[in-house]
1. If you take the residues of the stretch 96-125 that are of a type outside the set (Lys, Arg) and outside any helix (DSSP H, G or I), which of them is surrounded by the fewest Cβ atoms within 10 Å (Cβ to Cβ)?
2. Considering only residues of the stretch 64-106 that are among the charged types (D, E, K, R) and free of Cβ contacts under 8 Å to residues at least 12 places away in the same chain, which is nearest to Met26 (Cα to Cα)?
3. Could you list all residues from the stretch 141-153 that are farther than 12 Å from Thr122 by Cα and either in contact with a Ser or Thr (Cβ under 9 Å, 6 or more places away or on another chain) or not polar (S, T, N, Q) (or both)?
4. Which ones in the stretch 21-41 are within 24 Å of Thr98 (Cβ to Cβ) and open to solvent by 70 Å² or more (accessible area, probe 1.4 Å)?
5. Quick one: which residue in Thr24, Thr89, Thr108, Thr98 is at pLDDT 95 or above and either closer than 30 Å to Gln157 by Cα or of a type outside the set (A, V, I, L, M, F, W, C) (or both)?
6. Cβ-Cβ distance below 9 Å, separation of 6 or more or different chains: which pairs start in the stretch 190-215 with a residue that is within 26 Å of Ser175 (Cβ to Cβ) and end on one that is of a type in the set (Lys, Arg) and part of a helix (DSSP H, G or I)?
7. Considering the stretch 82-95 alone, what residues qualify as being surrounded by 14 or more Cβ atoms within 10 Å (Cβ to Cβ) and polar (S, T, N, Q)?
Amino acid sequence: QPMIECILDKGLHYIFVAKPQRHTIMFDILKTLPLNKKEFIDKDDHCHSYEWYNNVQLNGNKDSINVNYLKYTKYEIDENNNEKVVFSTSWVTDLKITDEKIEILVATGRRRWGIENECFNTLKNQGYHIEHNYGHGKKNLCFNFFILTLIAFLFQQMLELTSQLYKECRKEHGSKMHIWESLRSYFKVIIFKSFDDLLYFSIHSDEAKLIFNSS
């Protein structure tokens, strides 16, 4: 609830996962309510089921806020017409749920997982060397490296959105892994005045004029 209230105070919207094990009171209330429902079967005989209810109490606190609840379940139907649950998740949101909006709201809720998963994949496999246990333990040095890596990752995402030079560098080198290895090899032996100079050199090294200092 505090996170939801903070988001609403900023004038923003939210779609958060809500699990029966963690929101027991809300799910007990939902059992007594006539949920809206929508279903269809696709060409592969998968059944897509949508359920929702607007304006339900989130928890048992005196100051509990009300939320809008939505659930998505995907079934497989075998030759004997038996149903097997393939995927099922539920969320809460402040956005009003209607028959026309339920599918896009579910798709948006599921996309949050995809974004998170892709972020972990990037941090683990594209040159950042982050593992799930990285930074754990009684010593703080590894945790500080972990935080610095996340800060670097944040700035690199900002560069992808705002820096044309960085975009050209990404296009030139391809994968992030290749970019980081190339940039590290350059500034091991060359001093650059700025990060932009480093990026420009990585793209146009044939144009560079290097000054050697024998001392």
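The values are calculated or read from the model by the stated rules, or taken from the named source; none is laboratory data. This one's a predicted model, so the numbers in the text were calculated from it and none came from an experiment. Cβ: placed from backbone, ideal geometry, glycine included. Neighbour counts: every protein chain shown. Accessible surface is based on the protein model in full, side chains and every heavy atom, while ligands, DNA and RNA are left aside. Shrake-Rupley method; radii C 1.70, N 1.55, O 1.52, S 1.80 Å.
1. First, the residues of the stretch 96-125 that are of a type outside the set (Lys, Arg): 97-100, 102-109, 113-123, 125.
Filter again for outside any helix (DSSP H, G or I), leaving 97-100.
Numbers: Ile97: 21, Thr98: 11, Asp99: 11, Glu100: 8.
It comes out as Glu100.
2. Narrowing the stretch 64-106 to residues among the charged types (D, E, K, R): 71, 74, 76, 78-79, 83-84, 94, 96, 99-101, 103.
Then drop every residue that is not free of Cβ contacts under 8 Å to residues at least 12 places away in the same chain, which leaves 78-79, 84, 100-101.
On the way: Asp78: 33, Glu79: 36, Lys84: 26, Glu100: 24, Lys101: 22 Å.
Only one residue fits best here, namely Lys101.
3. Scanning the stretch 141-153 gives Leu141, Cys142, Phe143, Phe145, Phe146, Ile147, Leu148, Ile151, Ala152.
4. Pass one, the stretch 21-41, residues within 24 Å of Thr98 (Cβ to Cβ): 23, 26-27, 29-41.
The answer is Lys31, Thr32, Pro34, Lys37, Glu39, Phe40, Ile41.
5. Details: Thr24 fails: at pLDDT 95 or above; Thr89 fails: at pLDDT 95 or above; Thr108 fails: at pLDDT 95 or above.
Only one candidate passes the filter, namely Thr98.
6. So the pair list comes out as Ile203/Lys171.
7. Thr89, Ser90, Thr93
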